[in-house]
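What follows is one structure encoded as structure tokens, with my remarks underneath.
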Amino acid sequence: MKKIFQYILVVAACLSATSCNDFIEVEPEGVINEELAMKNPEKMVTSAYAMLGDCWYSYPFNLWPYGDVASDDCLKGGSGTTDTGYHPMEIWSTLTSTPGEFDELWYRLYCAISRCNRALVSVAEYGEEKLGAEKARQRNAEVRFLRAHFYFKLITMFRQIPWIDEQVYKSNTQEQTRNDEFTYEQLFQKIINDFKVAYDVLPANQADGGRVNKIAAASYLAKCYLTLAWGDGYEATNGVAHINQEYMQKVVEYTNDVVSSQYDYLEDFGDIFLPEYKNSKESIFAVQCSDYKDDNTTFGRANWSNMLNGCWGMWSCGWDFHKPSQNLVSAFKTKNGLPDFDNYDKTIDYPVNGAPTTQKWDPRLFHTVGMPTFPYKYEEAYTMTKGNSRTPNTYGYYTSLKEVPQRSKGETYNSPWQAFDMNDYVLRYSDVMLMRAEALIETGQLAEARTIINDIRQRAKNSVAKHIQYAADQCEIALYPTTYFNDKETARKCLQWERRLELAMENGRYFDLRRWGIASKTLNAYFETEQHDVYDGQTYAQYLKDAHYTAGKNEFYPVPYNQLYYVPGLYSQNKGY
């Protein structure tokens with residue numbers, strides 16, 4: 001034992017006598033040389049784009065647990081309330097800053113921003129030399145759009161966020177940058193400034209598919225101003241009484257560019273959510289996903305945000321998350337073709353294939369919600385049954401349809417996890433046109449708003465024969481008469497209803513409710529009724545008896561616990577948490 005110890009001392013002495021340079025000069029493998037990378041601005045820009053889809057079910061960049069599960073549109077799903085950390089988002093009353101999902105989302109979004117900052121520095125230092133002045137100017141504008149996109153996600157979620165830009169990166173002061181340095185509106189103005197650079201510089205059309213353009217920037221600017229136009233996000237200082245008319249007019253101005261652009265409504269609502277139409281005229285800006293057979297890579301670029309959201313038993317790894325609520329299904333009820341605003345949720349009703357009743361439905365229901373007895377995503381060979389629900393006593397029998405392809409197209413990603421090559425819409429044409437209609441109503445231009453909403457309803461009316469002929473005798477939808485747009489209050493109700501039906505299960509419902517200042521009223525009423533759900537004798541959603549939304553606290557999600565204490569004292573928490 002003593003001899004072994006002596007040998008160890010000799011080896012240690014030899015190592016200590018060896019020049020440190022012998023170790024330092026060994027080039028690490030599998031690591032990008034940052035100095036060399038920064039000299040290639042085009043690849044640095046590509047690396048920033050790559051972050052758009054660098055997501056996972058525990059940090060989905062499309063925010064479905066926070067925009068849908070947290071709303072009246074959706075139940076979490078899965079094997080039970082403890083499956084993932086998203087249950088507090090559906091009941092609100094137990095929400096704290098500790099779920100790891102918050103920390104992962106914050107961290108990954110700032111990783112994306114870090115890539116953008118590095119790309120901006122690379123373009124500034126080497127862009128003109130390597131790309132030429134005009135292309136360098138465009139690449140700078142594209143990256144500023146991307147950075148603003150990621151910051152929009154962060155401010156939507158967490159409100160109080162640190163602004164880390166390329167100057168902070170260059171000075172390496174990330175860990176000295178507070179999250180209360182700027183107000184909510186000041187942060188939004190920084191986001192707007194980045195989008196404005198993209199708007200001023202980029203062309204309306206890009207030769208390369210997937211690159212951002214002027215129209216996407218105009219749409220995002222409209223979205224920013226629409227959010228700010230209603231107030232500061234907290235219910236006491238948000239809503240109709242706090243509307244900023246100047247900002248509403250900005251929404252109208254920026255959506256003028258969209259109206260006169262190459263974008264338009266697809267002829268059939270169902271086509272929007274089929275992969276063969278994923279870069280159609282409806283798609284203004286989308287995260288690009290792919291199948292390995294299409295892009296000649298080993299695995300393709302899957303949509304990992306939605307990997308949990310396949311139907312149970314329909315897909316080999318369908319985990320049955322993102323489950324439409326009965327309240328959402330009921331919202332599609334029509335009376336003489338129009339929404340039944342006041343009585344839609346008074347009774348629990350649902351369509352059954354081949355058994356029409358006097359209750360009729362907006363056709364978009366059958367494109368949005370998978371229901372027992374109906375073909376799954378239009379395919380009769382894959383008709384849904386009650387067996388296609390994982391925990392019906394907790395989450396019921398409905399399933400989400402928009403984010404999945406048709407089952408007959410097969411599974412590309414099925415070992416060990418199943419995912420899809422469906423693009424993730426960030427901005428689609430009807431979404432932006434409804435933003436425009438919202439601003440038109442608030443600025444007194446009700447007739448034009450009615451035209452937009454009726455154009456969208458007409459498209460829904462035309463979306464029966466191609467995909468859902470089996471439900472034709474259960475559908476009825478009519479256009480709004482002029483009487484519904486004689487005053488702002490009624491017109492506003494029509495607009496808000498239309499956003500819910502047109503964009504259901506597309507990850508934005510809660511953020512709409514917050515913007516309009518009606519989240520607490522809407523959600524607490526929903527919790528009271530939804531806990532009594534019954535489908536064909538099976539009760540579910542009873543866990544909502546413990547749910548409650550607290551205005552003045554729950555409007556924004558808490559700054560993640562790990563971020564608060566990574567550098568103690570640097571960040572402050574949102575109020576109420």
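The values are calculated or read from the model by the stated rules, or taken from the named source; none is laboratory data. Computed from a prediction, not measured in an experiment: that's the story for all the values here. Backbone-built Cβ (ideal geometry, glycine too); neighbour counts: all protein chains shown. What goes into the accessible areas is simple: the full protein's heavy atoms, side chains included, and nothing from ligands, DNA or RNA. Shrake-Rupley method; radii C 1.70, N 1.55, O 1.52, S 1.80 Å.
Dividing the radius of gyration of the alpha carbons in segment 177-305 by their Kirkwood radius gives 1.05 for Rg/Rh. Rounded to the nearest whole Hz, the Karplus-based 3J(HN,Hα) values (6.51 cos²θ - 1.76 cosθ + 1.60, θ = phi - 60°) of segment 568-574 follow the sequence x, x, 6, 10, 10, 8, 4, with x at glycine and proline. A simple charge model with +1 on the Cβ of Lys and Arg, -1 on the Cβ of Asp and Glu and nothing else charged puts the dipole of the chain at about 260 debye relative to its Cα centre. For residue 559, nonlocal amide neighbours, meaning residues 5 or more places apart or on other chains whose placed amide H falls under 5 Å from its own, are 574. Close amide H contacts of residue 533 (hydrogens built in the peptide plane, cut-off under 5 Å, sequence separation of 5 or more or a different chain): 540. Along segment 90-101 the Karplus relation, 6.51 cos²θ - 1.76 cosθ + 1.60 evaluated at θ = phi - 60°, assigns HN-Hα couplings of 8, 10, 6, 5, 9, 6, 10, 8, 8, x, x, 4 Hz to successive residues, with x for each Gly and Pro.
Given R₀ = 45 Å, FRET efficiency for residue 34-residue 185 by Cβ-Cβ distance, to 0.05? So, using R0 = 45 Å, E works out to roughly 0.80. The residues of the chain have, on average, 40 Å² of accessible surface per residue, using a 1.4 Å probe with all protein chains present.
Against the chain, whose longest principal axis comes from its Cα atoms, helix 429-442 is set at around 70 degrees. Rounded to 0.05, the FRET efficiency of the residue 346 and residue 178 pair, given R0 = 51 Å and the Cβ-Cβ distance, is 0.55. Electrostatic bookkeeping for residue 508 treats Lys and Arg as +1 and Asp and Glu as -1; over the other residues with beta carbon under 9 Å from its beta carbon, the sum is -2. Taking each of 170/278; 323/360; 346/553; 196/281; 43/196 in turn, the alpha-carbon distance tops 28 angstrom for 170/278; 346/553. Direction-averaged projected area, Cα convex hull, segment 146-216: 5.6 nm², rounded to one decimal. Across the chain, the relative contact order, built from alpha-carbon pairs under 8 Å that are at least six residues apart, equals 20 percent.
Per atom type, the chain shows carbon and sulfur on 51% of its accessible surface, probed at 1.4 Å. Only protein heavy atoms count here; on that basis, with a 1.4 Å probe, residue 464 has an accessible area of about 20 Å². The candidates 122, 261, 79, arranged from most to least accessible area with a 1.4 Å probe in the full protein assembly, appear as 79, 261, 122. Helix 214-229 and the longest principal axis of the C-alpha atoms of the chain enclose an angle of approximately 70°. Bridge orientation summary for the chain: considering DSSP beta bridges with both residues in this region, about 90 percent are antiparallel. The dipole here belongs to segment 448-502: it is taken about the Cα centre, uses +1 on the Cβ of Lys and Arg and -1 on the Cβ of Asp and Glu, and is about 140 debye.
Computed on protein heavy atoms with a 1.4 Å probe, the accessible areas place 182, 150 in the order 182, 150, largest first. Derived scalar couplings between HN and Hα for segment 370-382 equal x, 9, x, 5, 9, x, 7, 6, 6, 9, 5, 5, 10 Hz in order, rounded to whole Hz, by the Karplus curve 6.51 cos²θ - 1.76 cosθ + 1.60 (θ = phi - 60°), x for Gly and Pro.
In the assembled protein chains, residue 34 presents an accessible area of approximately 90 Å² (probe radius 1.4 Å). Summing Cβ point charges (Lys, Arg +1; Asp, Glu -1) relative to the Cα centre of segment 87-140 gives a dipole of roughly 300 debye. Against the chain, whose longest principal axis is taken from its Cα atoms, helix 41-50 shows a tilt of about 40°.
Taking amide H positions as modeled 1.01 Å from N, with prolines and chain starts lacking one, the residues under 5 Å from residue 383 and 5 or more places away or on another chain are 376.
Straight-line cross-link partners of residue 153 among the lysines, defined as a Cα under 17 Å from its Cα and at least 8 positions apart when in the same chain: 190, 223.
Count Lys and Arg as plus one, Asp and Glu as minus one, and take only other residues whose Cβ is under 13 Å from that of residue 443; the net charge is then -1.
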